[in-house]
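The values are calculated or read from the model by the stated rules, or taken from the named source; none is laboratory data. In this text the structure is predicted, and so the values were computed from the model without any measurement. Every residue, glycine among them, receives a Cβ derived from its backbone with ideal geometry; neighbour counts consider all protein chains shown. The protein model used for the area step is the full one, side chains on, heavy atoms only, and it has no ligands, DNA or RNA in it. Shrake-Rupley method; radii C 1.70, N 1.55, O 1.52, S 1.80 Å.
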Amino acid sequence: MPPSAATPTAHSTPVSPVSPVSLVTGATRGIGREVSRQLADRGHTVLLTGRDPDAARRVAEELRAEAGTADVHPLPLDVTDDRSVARAAAEVTEAFGRLDVLINNAAITYDTWQRAVTADLTVVREAAETNLYGPWRMAIAFAPLLRASAHPRLVNVSSEAASLTNMGGGTPAYSASKTALNALTRMLAAELRPDGVLVNAVCPGWAATDMGGPGGRPVAAGAASVLSAATLPDDGPTGGFFRDGRPLPW
Ligand code: NDP
(Lines give C-alpha, C1' and ligand atoms only; values in the text may rest on other atoms or scores of the structure.)
Protein backbone atom coordinates (compact mmCIF):
# COMPACT_ATOMS: atom_id res chain seq x y z
CA MET A 1 0.00 0.00 0.00
CA PRO A 2 1.24 3.42 -0.86
CA PRO A 3 2.32 4.61 2.39
CA SER A 4 2.40 8.26 2.82
CA ALA A 5 -0.50 9.03 0.51
CA ALA A 6 -2.91 7.77 3.14
CA THR A 7 -0.88 7.84 6.31
CA PRO A 8 1.90 10.34 5.86
CA THR A 9 3.79 9.41 8.96
CA ALA A 10 3.31 5.65 8.89
CA HIS A 11 5.97 4.70 6.31
CA SER A 12 8.74 6.23 4.32
CA THR A 13 9.62 3.54 1.76
CA PRO A 14 8.81 4.60 -1.82
CA VAL A 15 6.60 2.07 -3.54
CA SER A 16 6.47 1.66 -7.29
CA PRO A 17 3.33 -0.31 -8.14
CA VAL A 18 3.01 -1.79 -11.61
CA SER A 19 -0.52 -0.47 -11.83
CA PRO A 20 -0.88 3.10 -13.14
CA VAL A 21 -0.92 5.72 -10.39
CA SER A 22 -3.74 8.19 -10.99
CA LEU A 23 -4.69 11.35 -9.12
CA VAL A 24 -8.14 12.93 -9.38
CA THR A 25 -8.91 16.41 -8.03
CA GLY A 26 -12.33 17.16 -6.56
CA ALA A 27 -13.03 13.47 -6.18
CA THR A 28 -15.31 13.57 -3.14
CA ARG A 29 -18.50 13.73 -5.20
CA GLY A 30 -19.94 13.99 -8.69
CA ILE A 31 -17.86 13.13 -11.74
CA GLY A 32 -14.56 13.07 -9.82
CA ARG A 33 -15.84 10.39 -7.46
CA GLU A 34 -17.11 8.27 -10.36
CA VAL A 35 -13.89 8.75 -12.37
CA SER A 36 -12.00 7.47 -9.33
CA ARG A 37 -14.30 4.45 -9.07
CA GLN A 38 -13.90 3.61 -12.77
CA LEU A 39 -10.11 3.97 -12.59
CA ALA A 40 -10.04 1.67 -9.55
CA ASP A 41 -12.19 -0.81 -11.49
CA ARG A 42 -9.52 -0.78 -14.20
CA GLY A 43 -6.82 -1.63 -11.71
CA HIS A 44 -5.32 1.83 -11.23
CA THR A 45 -3.85 2.94 -7.93
CA VAL A 46 -6.14 5.90 -7.24
CA LEU A 47 -5.21 8.95 -5.21
CA LEU A 48 -8.63 10.27 -4.29
CA THR A 49 -8.20 13.91 -3.40
CA GLY A 50 -10.51 16.47 -1.86
CA ARG A 51 -10.30 19.77 -0.05
CA ASP A 52 -12.11 18.24 2.94
CA PRO A 53 -9.78 15.52 4.31
CA ASP A 54 -12.63 13.76 6.16
CA ALA A 55 -14.72 13.57 2.98
CA ALA A 56 -11.73 12.22 1.03
CA ARG A 57 -11.19 9.52 3.67
CA ARG A 58 -14.87 8.58 3.75
CA VAL A 59 -15.25 8.40 -0.04
CA ALA A 60 -11.99 6.44 -0.46
CA GLU A 61 -13.35 3.91 2.02
CA GLU A 62 -16.67 3.72 0.12
CA LEU A 63 -14.88 3.17 -3.18
CA ARG A 64 -12.59 0.50 -1.74
CA ALA A 65 -15.76 -1.41 -0.86
CA GLU A 66 -17.57 -0.61 -4.14
CA ALA A 67 -14.65 -1.38 -6.44
CA GLY A 68 -13.43 -4.34 -4.37
CA THR A 69 -9.87 -3.03 -4.21
CA ALA A 70 -7.59 -1.70 -1.52
CA ASP A 71 -5.94 0.64 -3.95
CA VAL A 72 -7.92 3.85 -3.38
CA HIS A 73 -6.08 6.28 -1.12
CA PRO A 74 -7.32 9.58 0.27
CA LEU A 75 -5.12 12.63 -0.09
CA PRO A 76 -6.10 16.12 1.13
CA LEU A 77 -5.76 18.63 -1.69
CA ASP A 78 -7.23 22.09 -2.28
CA VAL A 79 -6.34 23.17 -5.81
CA THR A 80 -6.47 26.85 -4.86
CA ASP A 81 -3.85 26.48 -2.14
CA ASP A 82 -0.15 26.49 -3.10
CA ARG A 83 0.94 24.79 0.09
CA SER A 84 -1.72 22.08 -0.13
CA VAL A 85 -0.72 21.29 -3.72
CA ALA A 86 2.99 21.28 -2.86
CA ARG A 87 2.33 18.98 0.11
CA ALA A 88 0.35 16.55 -2.06
CA ALA A 89 3.10 16.53 -4.72
CA ALA A 90 5.70 15.82 -2.04
CA GLU A 91 3.62 12.93 -0.70
CA VAL A 92 3.20 11.40 -4.16
CA THR A 93 6.93 11.81 -4.79
CA GLU A 94 7.75 10.04 -1.56
CA ALA A 95 5.20 7.26 -1.99
CA PHE A 96 5.53 6.53 -5.73
CA GLY A 97 8.21 8.68 -7.33
CA ARG A 98 5.96 9.20 -10.34
CA LEU A 99 2.42 10.00 -11.47
CA ASP A 100 0.89 8.30 -14.52
CA VAL A 101 -2.45 10.09 -14.77
CA LEU A 102 -3.42 13.55 -13.52
CA ILE A 103 -7.10 14.43 -13.80
CA ASN A 104 -7.86 18.10 -13.16
CA ASN A 105 -11.55 17.70 -12.39
CA ALA A 106 -12.32 20.12 -9.54
CA ALA A 107 -14.36 23.14 -10.59
CA ILE A 108 -16.92 25.61 -9.24
CA THR A 109 -19.44 28.28 -10.23
CA TYR A 110 -21.69 27.28 -13.08
CA ASP A 111 -23.05 30.83 -12.92
CA THR A 112 -26.37 30.55 -14.71
CA TRP A 113 -27.56 33.60 -12.73
CA GLN A 114 -25.03 35.94 -14.35
CA ARG A 115 -24.59 37.74 -17.67
CA ALA A 116 -21.24 38.97 -18.93
CA VAL A 117 -22.50 42.53 -19.26
CA THR A 118 -23.46 42.77 -15.58
CA ALA A 119 -21.14 40.13 -14.08
CA ASP A 120 -19.73 40.35 -10.56
CA LEU A 121 -16.01 40.23 -11.27
CA THR A 122 -15.29 38.90 -7.79
CA VAL A 123 -17.24 35.79 -8.76
CA VAL A 124 -15.39 35.65 -12.09
CA ARG A 125 -12.01 35.82 -10.30
CA GLU A 126 -13.02 33.16 -7.76
CA ALA A 127 -14.07 30.81 -10.54
CA ALA A 128 -10.75 31.34 -12.32
CA GLU A 129 -8.84 30.60 -9.12
CA THR A 130 -10.32 27.08 -9.00
CA ASN A 131 -11.11 26.32 -12.66
CA LEU A 132 -8.02 27.80 -14.34
CA TYR A 133 -5.27 28.50 -11.80
CA GLY A 134 -6.12 25.28 -9.92
CA PRO A 135 -5.32 22.99 -12.89
CA TRP A 136 -2.38 25.24 -13.79
CA ARG A 137 -0.96 25.03 -10.26
CA MET A 138 -1.42 21.24 -10.37
CA ALA A 139 0.31 20.95 -13.76
CA ILE A 140 3.30 22.94 -12.53
CA ALA A 141 3.60 20.94 -9.31
CA PHE A 142 3.08 17.51 -10.88
CA ALA A 143 4.93 17.91 -14.20
CA PRO A 144 8.14 16.41 -12.75
CA LEU A 145 6.16 13.37 -11.53
CA LEU A 146 4.42 12.98 -14.90
CA ARG A 147 7.79 13.15 -16.66
CA ALA A 148 8.90 10.25 -14.45
CA SER A 149 6.08 8.07 -15.83
CA ALA A 150 6.47 5.77 -18.83
CA HIS A 151 2.92 6.54 -20.08
CA PRO A 152 1.87 9.93 -18.67
CA ARG A 153 -1.57 11.44 -19.27
CA LEU A 154 -2.99 14.79 -18.16
CA VAL A 155 -6.71 15.40 -18.49
CA ASN A 156 -8.30 18.80 -17.97
CA VAL A 157 -12.01 18.38 -17.38
CA SER A 158 -13.50 21.19 -19.42
CA SER A 159 -16.92 21.82 -20.88
CA GLU A 160 -18.54 22.46 -24.23
CA ALA A 161 -19.44 25.83 -22.65
CA ALA A 162 -15.77 26.68 -23.30
CA SER A 163 -16.13 26.33 -27.06
CA LEU A 164 -15.58 29.70 -28.77
CA THR A 165 -17.22 28.31 -31.91
CA ASN A 166 -20.52 27.81 -30.11
CA MET A 167 -20.23 30.56 -27.49
CA GLY A 168 -23.16 32.85 -26.80
CA GLY A 169 -24.03 34.82 -23.67
CA GLY A 170 -24.41 33.58 -20.11
CA THR A 171 -22.42 31.65 -17.48
CA PRO A 172 -19.58 34.18 -17.93
CA ALA A 173 -17.37 33.18 -14.99
CA TYR A 174 -17.60 29.49 -15.79
CA SER A 175 -17.31 29.77 -19.58
CA ALA A 176 -14.36 32.19 -19.54
CA SER A 177 -12.49 30.06 -17.00
CA LYS A 178 -13.01 26.90 -19.05
CA THR A 179 -12.02 28.60 -22.33
CA ALA A 180 -8.79 29.67 -20.64
CA LEU A 181 -8.37 26.10 -19.38
CA ASN A 182 -8.61 24.93 -22.99
CA ALA A 183 -5.87 27.40 -23.93
CA LEU A 184 -3.75 26.04 -21.08
CA THR A 185 -4.39 22.53 -22.42
CA ARG A 186 -2.92 23.51 -25.81
CA MET A 187 0.17 25.09 -24.24
CA LEU A 188 0.83 22.20 -21.86
CA ALA A 189 0.34 19.69 -24.68
CA ALA A 190 2.95 21.47 -26.82
CA GLU A 191 5.43 21.93 -23.98
CA LEU A 192 5.07 18.39 -22.59
CA ARG A 193 4.97 16.60 -25.95
CA PRO A 194 8.75 15.94 -25.92
CA ASP A 195 8.27 14.15 -22.58
CA GLY A 196 5.52 11.94 -23.99
CA VAL A 197 2.77 13.46 -21.81
CA LEU A 198 -0.57 13.33 -23.62
CA VAL A 199 -2.55 16.41 -22.53
CA ASN A 200 -6.20 16.78 -23.50
CA ALA A 201 -9.33 18.68 -22.53
CA VAL A 202 -12.51 16.66 -22.10
CA CYS A 203 -16.17 17.57 -21.79
CA PRO A 204 -18.05 15.00 -19.72
CA GLY A 205 -21.36 16.08 -21.23
CA TRP A 206 -24.28 17.32 -19.18
CA ALA A 207 -24.24 14.96 -16.20
CA ALA A 208 -26.59 14.73 -13.23
CA THR A 209 -24.35 15.99 -10.43
CA ASP A 210 -24.65 18.81 -7.89
CA MET A 211 -23.24 21.14 -10.54
CA GLY A 212 -25.15 19.70 -13.50
CA GLY A 213 -28.47 19.41 -11.65
CA PRO A 214 -31.20 16.91 -12.46
CA GLY A 215 -31.94 15.79 -16.03
CA GLY A 216 -28.39 15.23 -17.24
CA ARG A 217 -27.02 11.89 -18.36
CA PRO A 218 -25.83 9.40 -15.73
CA VAL A 219 -22.63 10.39 -13.93
CA ALA A 220 -21.10 7.11 -15.12
CA ALA A 221 -21.38 8.27 -18.75
CA GLY A 222 -19.75 11.63 -17.95
CA ALA A 223 -16.92 9.88 -16.12
CA ALA A 224 -16.42 7.42 -18.98
CA SER A 225 -15.81 10.41 -21.28
CA VAL A 226 -13.02 11.53 -18.95
CA LEU A 227 -11.59 8.01 -18.74
CA SER A 228 -11.22 7.82 -22.51
CA ALA A 229 -8.55 10.55 -22.33
CA ALA A 230 -6.99 9.14 -19.14
CA THR A 231 -6.40 5.72 -20.70
CA LEU A 232 -5.17 6.68 -24.18
CA PRO A 233 -2.59 4.49 -25.88
CA ASP A 234 0.90 5.96 -26.36
CA ASP A 235 0.07 6.93 -29.95
CA GLY A 236 -3.13 8.68 -28.85
CA PRO A 237 -3.88 12.36 -29.47
CA THR A 238 -2.51 15.29 -27.50
CA GLY A 239 -3.69 18.92 -27.43
CA GLY A 240 -7.26 17.95 -28.31
CA PHE A 241 -10.76 18.69 -26.99
CA PHE A 242 -13.07 15.67 -26.78
CA ARG A 243 -16.34 14.34 -25.53
CA ASP A 244 -16.84 10.57 -25.48
CA GLY A 245 -13.62 10.22 -27.46
CA ARG A 246 -14.87 12.40 -30.32
CA PRO A 247 -13.39 15.85 -31.11
CA LEU A 248 -15.28 18.99 -30.11
CA PRO A 249 -14.82 22.37 -31.84
CA TRP A 250 -12.58 24.80 -29.94
P1 NDP B 1 -19.63 18.96 -8.58
O2 NDP B 1 -20.00 20.36 -8.21
O3 NDP B 1 -20.63 17.89 -8.41
O4 NDP B 1 -18.27 18.54 -7.82
C5 NDP B 1 -17.18 19.40 -7.83
C6 NDP B 1 -16.04 18.79 -7.06
O7 NDP B 1 -14.95 19.73 -7.08
C8 NDP B 1 -16.37 18.55 -5.59
O9 NDP B 1 -15.78 17.35 -5.17
C10 NDP B 1 -15.73 19.75 -4.90
O11 NDP B 1 -15.35 19.49 -3.56
C12 NDP B 1 -14.49 19.91 -5.76
N13 NDP B 1 -13.82 21.19 -5.54
C14 NDP B 1 -14.33 22.44 -5.64
N15 NDP B 1 -13.39 23.34 -5.33
C16 NDP B 1 -12.26 22.66 -5.02
C17 NDP B 1 -10.97 23.03 -4.62
N18 NDP B 1 -10.62 24.32 -4.43
N19 NDP B 1 -10.04 22.06 -4.40
C20 NDP B 1 -10.37 20.77 -4.58
N21 NDP B 1 -11.59 20.33 -4.93
C22 NDP B 1 -12.53 21.28 -5.16
O23 NDP B 1 -19.17 19.04 -10.12
P24 NDP B 1 -19.24 17.92 -11.29
O25 NDP B 1 -18.86 16.62 -10.75
O26 NDP B 1 -20.51 18.09 -12.00
O27 NDP B 1 -18.10 18.50 -12.27
C28 NDP B 1 -16.84 17.86 -12.40
C29 NDP B 1 -16.15 18.51 -13.59
O30 NDP B 1 -16.94 18.34 -14.78
C31 NDP B 1 -15.95 20.01 -13.45
O32 NDP B 1 -14.72 20.38 -14.00
C33 NDP B 1 -17.09 20.59 -14.28
O34 NDP B 1 -16.82 21.90 -14.73
C35 NDP B 1 -17.15 19.58 -15.41
N36 NDP B 1 -18.42 19.55 -16.13
C37 NDP B 1 -19.55 19.13 -15.51
C38 NDP B 1 -20.75 19.07 -16.22
C39 NDP B 1 -22.00 18.56 -15.60
O40 NDP B 1 -23.05 18.57 -16.29
N41 NDP B 1 -22.00 18.10 -14.35
C42 NDP B 1 -20.83 19.48 -17.63
C43 NDP B 1 -19.57 19.91 -18.19
C44 NDP B 1 -18.42 19.94 -17.45
P45 NDP B 1 -16.28 19.96 -2.29
O46 NDP B 1 -17.20 18.80 -2.04
O47 NDP B 1 -15.28 20.18 -1.22
O48 NDP B 1 -17.00 21.20 -2.70
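For segment 198-218: of the residues being of a type in the set (A, V, I, L, M, F, W, C) and over 15 Å from the mean Cα position of the chain (by Cα), which is least open to solvent (accessible area, probe 1.4 Å)? My answer is 207.
Kindly establish whether residue 62 is open to solvent by 10 Å² or more (accessible area, probe 1.4 Å), among the charged types (D, E, K, R), within 14 Å of the ligand (Cβ to nearest atom) and more than 29 Å from residue 175 (Cα to Cα). Answer is yes for this residue. For segment 145-167, a residue qualifies if it is among the small types (Gly, Ala, Ser), within 16 Å of the ligand (Cβ to nearest atom) and either in a helix (DSSP H, G or I) or open to solvent by 30 Å² or more (accessible area, probe 1.4 Å) (or both), and the qualifying residues are 161, 162.
Selection within segment 101-139: residues that are under 26 Å from residue 232 (Cα atoms) and open to solvent by 70 Å² or more (accessible area, probe 1.4 Å). The member of this set that is farthest from the chain's Cα centre (by Cα) is 133. Screening segment 170-197 for residues that are within 12 Å of the ligand (Cβ to nearest atom) and hydrophobic (A, V, I, L, M, F, W, C) and picking the one that is farthest from the chain's Cα centre (by Cα) gives 173. Of the set (1) polar (S, T, N, Q); (2) in a helix (DSSP H, G or I); (3) touching a Pro at 6+ places or on another chain (Cβ under 8 Å), all apply to residue 200 but (2).
Each residue in segment 172-197 was checked for being surrounded by fewer than 16 Cβ atoms within 10 Å (Cβ to Cβ) and on the phi < 0 side of the Ramachandran plot, and 7 of them qualify.
How many residues, within segment 65-85, are within 14 Å of the ligand (Cβ to nearest atom) and surrounded by fewer than 14 Cβ atoms within 10 Å (Cβ to Cβ)?
Summing the residues that are within 14 Å of the ligand (Cβ to nearest atom) and surrounded by fewer than 14 Cβ atoms within 10 Å (Cβ to Cβ) in segment 65-85 gives 2.
The residues in segment 223-238 that are buried (at least 20 other Cβ atoms within 10 Å of the Cβ) and part of a helix (DSSP H, G or I) can be counted, and the count is 6. Picking from residues in segment 239-249 that are open to solvent by less than 50 Å² (accessible area, probe 1.4 Å) and out of contact with any Pro (no Cβ under 9 Å at 6 or more places or on another chain), the one that is farthest from residue 184 (Cα to Cα) is 245. The set of residues from segment 205-222 being in contact with a helix residue (DSSP H, G or I) (Cβ under 8 Å, 6 or more places away or on another chain), near the ligand (Cβ under 9 Å from one of its atoms) and outside any loop (DSSP other than H, G, I, E, B) comprises 207, 219, 222. Scanning segment 65-98 for residues that are assigned to a helix (DSSP H, G or I), in contact (Cβ under 8 Å) with a residue 12 or more places away in the chain and charged (D, E, K, R) returns 66, 82, 91, 94. Going by the structure shown, is residue 98 away from the ligand (no atom under 15 Å from the Cβ) and surrounded by 15 or more Cβ atoms within 10 Å (Cβ to Cβ)? Against the criterion (away from the ligand (no atom under 15 Å from the Cβ) and surrounded by 15 or more Cβ atoms within 10 Å (Cβ to Cβ)), residue 98 qualifies.
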